[in-house]
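Scroll down for the structure; my scribbles are underneath it.
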Amino acid sequence: MTESILVINAGSSSIKFQLFAIESGDRLERRFKGQIEGVGTRPRLFAVNPNREILSDVTWSAPDVPDVPAALEKVVEFLRPQIGGRLPCAVGHRVVHGGPMYSDPVVINARVVAQLERLVPMAPLHQPNNLAPIRAVLERRPHLLQVACFDTAFHRSHSELADRFALPEQLYAEGVRRYGFHGLSYEYIAMRLPSVAPDIAQGRVVTAHLGSGASMCAMIDGRSVESTMGFTALDGLPMGTRCGQLDPGVILYLMMEKGQSAKAIEHMLYHDCGLKGLSGISNDVRELLSSQDPRAKLALDYFCYRIALATGSLAAAMGGIDAFVFTAGIGENAPAIREAVLRRIAWLGAEISVQANKKNETCISRKGSKVTCLVIPTNEELMIATHTLRLMRAHALQEKRA
Ligand code: ADP
């Protein structure tokens, strides 16, 4: 096999991975994607090639794959025969938090890992899992180039106004800021816009990343100026199981009046709220759309209502809006949600083409609509591979010069 780049996205109980071949002209072509899920409970590795043919579907007992490093071993065992024993040239990792200092991807070394470890208190559920495979590769293959790509980096272009909470200065100085997340997805959309919609690529664009996590980003000329997510990935829109924007007084009430622990509240805010909490049925939009239960309707109405509210505030941040982009699982696949959102922001000048929307076309607004409405599938892994390749080439050049 030709040279390749491995992309790793490690969560709390799963590792997602994709292998990209580096073709001539540095074109990246995905060779396969897979994930190992149920780490520590019911481990299963599943991988498919670009034609969706199954390359692997194996399950183990929990003690065989107790943690993320063990899961990584299984991924490597799967990879070996697939790549003919030839190691990837580099590994690109998704890392949720780059803190105030990282506005770009970075080549990993021990110093970078130490800096990223200091950010664990700001993303305790995600950062340790992101770092586990990085450390495992550093130990086993210290010379293999690794690159960290951050969900926060794309938003470091925010002005100080957008970056702050109205909190005492000391908290800002120690890093309590509105970081924003899903940056790799927004960056990918920004990269695609000039070819998908050249007329508006330099304009004022609101992008809604609506997946199991959900947020929105205001971009001017492909740069992020504002986002609905803040200090953590809990803020902003309601999500599958996360609450979204919440009065901090609710947390005080739960702690002081109901005696709930910080851990219990954290668990509820991440796992029992959002569409799941509102509907009492499911966090999955497909299930809610097919349900006749009024609570399912309430949850979806709430979701669309909050997206419309956020659009108003993001448009205010940009002094207007030229385009609205839907992306991620719900944004790419749920015409009913897109229609409900666009009807709510018709006052801003978004005119939906019902037919185009039903057919999942790229442009779903009517000709002459003041706001161009688009559906663009995101590809965070390709964004990571692209960054990794770029840094790999720059690194090789530096080595040559040295
Ligand atoms: P993540 O990568 O964060 O896990 P995705 O971007 O894959 O999330 O989005 C997952 C969500 O997308 C699911 O929870 C589901 O609600 C929604 N989804 C996926 N396919 C459809 C569909 N055909 N119709 C409506 N919603 C869908």
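The values are calculated or read from the model by the stated rules, or taken from the named source; none is laboratory data. Source: prediction; values computed, not measured. A quick note on method: Cβ atoms are made from the backbone with ideal geometry, for glycine too, and the neighbour counts reach across all protein chains shown. Protein only, heavy atoms only, side chains kept; ligands, DNA and RNA dropped before computing areas. Shrake-Rupley method; radii C 1.70, N 1.55, O 1.52, S 1.80 Å.
What residue, among those in the stretch 267-289 that are within 13 Å of the ligand (Cβ to nearest atom) and of a type in the set (Gly, Ala, Ser), is farthest from Ala328 (Cα to Cα)? Here the residue is Ser279.
Listed here are the residues, each with its yes/no results for (1) crowded, with 17+ Cβ neighbours inside 10 Å; (2) more than 26 Å from Arg242 (Cα to Cα); (3) among the polar types (S, T, N, Q).
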{"position": "Gly34", "(1), (2), (3)": "yes, no, no"}
{"position": "Gly40", "(1), (2), (3)": "no, no, no"}
{"position": "Asn51", "(1), (2), (3)": "no, yes, yes"}
{"position": "Val58", "(1), (2), (3)": "no, yes, no"}
{"position": "Asn109", "(1), (2), (3)": "no, yes, yes"}
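Filtering the stretch 84-99 to residues that are on the phi < 0 side of the Ramachandran plot and open to solvent by 50 Å² or more (accessible area, probe 1.4 Å) leaves Arg86, Leu87. As a summary of the residue check, Ala136 satisfies the conditions (1) of a type outside the set (Ser, Thr, Tyr); (2) modelled with pLDDT of 95 or more; (3) in contact with a helix residue (DSSP H, G or I) (Cβ under 8 Å, 6 or more places away or on another chain) except for the one numbered (2).
With respect to the conditions (1) surrounded by 19 or more Cβ atoms within 10 Å (Cβ to Cβ); (2) in contact with a helix residue (DSSP H, G or I) (Cβ under 9 Å, 6 or more places away or on another chain), Gly230 lacks only one, and its number is (2).
Would you mention how many residues in the stretch 9-32 are open to solvent by less than 10 Å² (accessible area, probe 1.4 Å) and touching a Gly at 6+ places or on another chain (Cβ under 7 Å)? Going through the stretch 9-32 one residue at a time, the tally reaches 1. Note on the stretch 237-263: among residues that are without any contact (Cβ under 8 Å) to a residue 12 or more places away in the chain and under 24 Å from Leu119 (Cβ atoms), the one that is nearest to the ligand (Cβ to nearest atom) is Lys263.
Taking the condition closer than 15 Å to Leu275 by Cβ and among the hydrophobic types (A, V, I, L, M, F, W, C), does Met239 pass? Criteria met by Met239.
Residues satisfying the criterion are absent from the stretch 353-360 (criterion: within 16 Å of the ligand (Cβ to nearest atom) and under 21 Å from the mean Cα position of the chain (by Cα)).
Being hydrophobic (A, V, I, L, M, F, W, C) and out of contact with any strand residue (DSSP E or B) (no Cβ under 7 Å at 6 or more places or on another chain) is not true of Phe181.
Could you tell me whether any residue of the stretch 111-131 is closer than 18 Å to Gln35 by Cβ and open to solvent by less than 20 Å² (accessible area, probe 1.4 Å)? Yes, that holds for at least one residue. If a residue must be of a type in the set (D, E, K, R) and within 25 Å of Leu397 (Cα to Cα), how many such residues does the stretch 141-186 contain? Here the count works out to 1.
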